[in-house]
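J.: Sharing a structure below in structure tokens format, with a few things to ask.
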Amino acid sequence: MLKRFAVFVAAMGAGVAPAFAHLNPAEHGSFLAGVSHPLFGVDHILAMVAVGLWAALLGGRAIWLVPAAFVGTMAAGFVAAIGGAPLPFVEPVILASVVVIGLMTAMALKVPTAAGMAMVGFFAFFHGHAHGGELGAAGAASFGLGFALSTALLHAAGIAIGLGLGRAFGGQTGTLVTRAAGALTALGGAWLVVAG
């Protein structure tokens, strides 16, 4: 079991490795700049994957509805930002999202699907607003589609990890390992708060 957990941790680390810089829209196009944008910040990666992990633990329709709520509400936050709507505490709430969603995963918090959607949706609005605030020279529509796709793929990775751990370790042990991944996410978020 320890060997499988070590492989899981190595895989998570490898998944973060490509997150080095935003792509320049002038060189790579607005869509690819949008795709790269969530991959630039460890806070975004951790939060997006944690949404997928938690959705996998919730099970049922929450597996796709909770991440879909995140992507949809994130798009609303993006539109609000490019429309000039101010939003206070964007970065602190994004950091809080890593800790809170990580803790919800660590506790295997069971809530109705609609409540889960609302909970991640709150944080998603701030993530979307941050993306809109960093639009720069990129075209809004293609940049927005790019980061929505990238976010959905990070959610899918979290779901695949959560479901895969359940299969690899079986039942309760798989749930415990997924919860441990949530705890590590929350600790990573706490570290980002302290380091920032």
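The values are calculated or read from the model by the stated rules, or taken from the named source; none is laboratory data. In this text the structure is predicted, and so the values were computed from the model without any measurement. Heads up, the Cβs are rebuilt from the backbone with ideal geometry, glycines too, and the neighbour counts pull from every protein chain shown.
J.: Can you spot a residue in the range 147-162 that is modelled with pLDDT under 95, within 23 Å of residue 74 (Cβ to Cβ) and under 12 Å from the mean Cα position of the chain (by Cα)?
T.: yes
J.: A further question follows. Test each condition in (1) in a helix (DSSP H, G or I); (2) more than 14 Å from the chain's Cα centre (by Cα); (3) more than 13 Å from residue 49 (Cα to Cα) for residue 122 and report the one that comes out false.
T.: Result: residue 122 fails condition (2) only.
J.: Another one. Write out, first by first residue and then by second, each pair whose Cβ atoms fall under 6 Å of each other, whose residues are 6+ apart or on separate chains, and whose first residue, in the range 162-187, is on the phi > 0 side of the Ramachandran plot while the second is in a helix (DSSP H, G or I) and at pLDDT 90 or above.
T.: If the second residue must be in a helix (DSSP H, G or I) and at pLDDT 90 or above, no pairs are left.
J.: For the range 47-63, enumerate the residues that are surrounded by fewer than 16 Cβ atoms within 10 Å (Cβ to Cβ) and either touching a Pro at 6+ places or on another chain (Cβ under 6 Å) or in contact (Cβ under 8 Å) with a residue 40 or more places away in the chain (or both).
T.: Correct list: 60, 61.
J.: Looking for whichever is modelled with pLDDT under 95 and either in contact with a strand residue (DSSP E or B) (Cβ under 6 Å, 6 or more places away or on another chain) or under 24 Å from residue 192 (Cα atoms) (or both) here; the options are 135, 87, 53, 95. Which one fits?
T.: 135
J.: Scan 115, 137 and give me the residue that is without any contact (Cβ under 8 Å) to a residue 60 or more places away in the chain and of a type outside the set (Val, Ile, Thr).
T.: 115
J.: Residues that are among the aliphatic types (A, V, I, L, M), more than 14 Å from residue 53 (Cβ to Cβ) and in a helix (DSSP H, G or I): does the range 153-165 have at least one?
T.: The answer is yes, given that some residue of the range 153-165 is among the aliphatic types (A, V, I, L, M), more than 14 Å from residue 53 (Cβ to Cβ) and in a helix (DSSP H, G or I).
J.: Every residue in the range 169-186 that is of a type in the set (A, V, I, L, M) and surrounded by fewer than 16 Cβ atoms within 10 Å (Cβ to Cβ), please.
T.: 176, 183
J.: Further question: Take the residues in the range 139-168 that are of a type in the set (Gly, Ala, Ser) and more than 22 Å from residue 43 (Cα to Cα); name whichever of them is surrounded by the most Cβ atoms within 10 Å (Cβ to Cβ).
T.: 166
J.: Return the residues of the range 136-170 that are basic (Lys, Arg) and within 25 Å of residue 32 (Cβ to Cβ); say none if nothing qualifies.
T.: The answer is none; no residue qualifies.
J.: Being assigned to a helix (DSSP H, G or I) and at pLDDT 95 or above narrows it down to one of 141, 183, so name that one.
T.: None of the others qualify; the one that does is 183.
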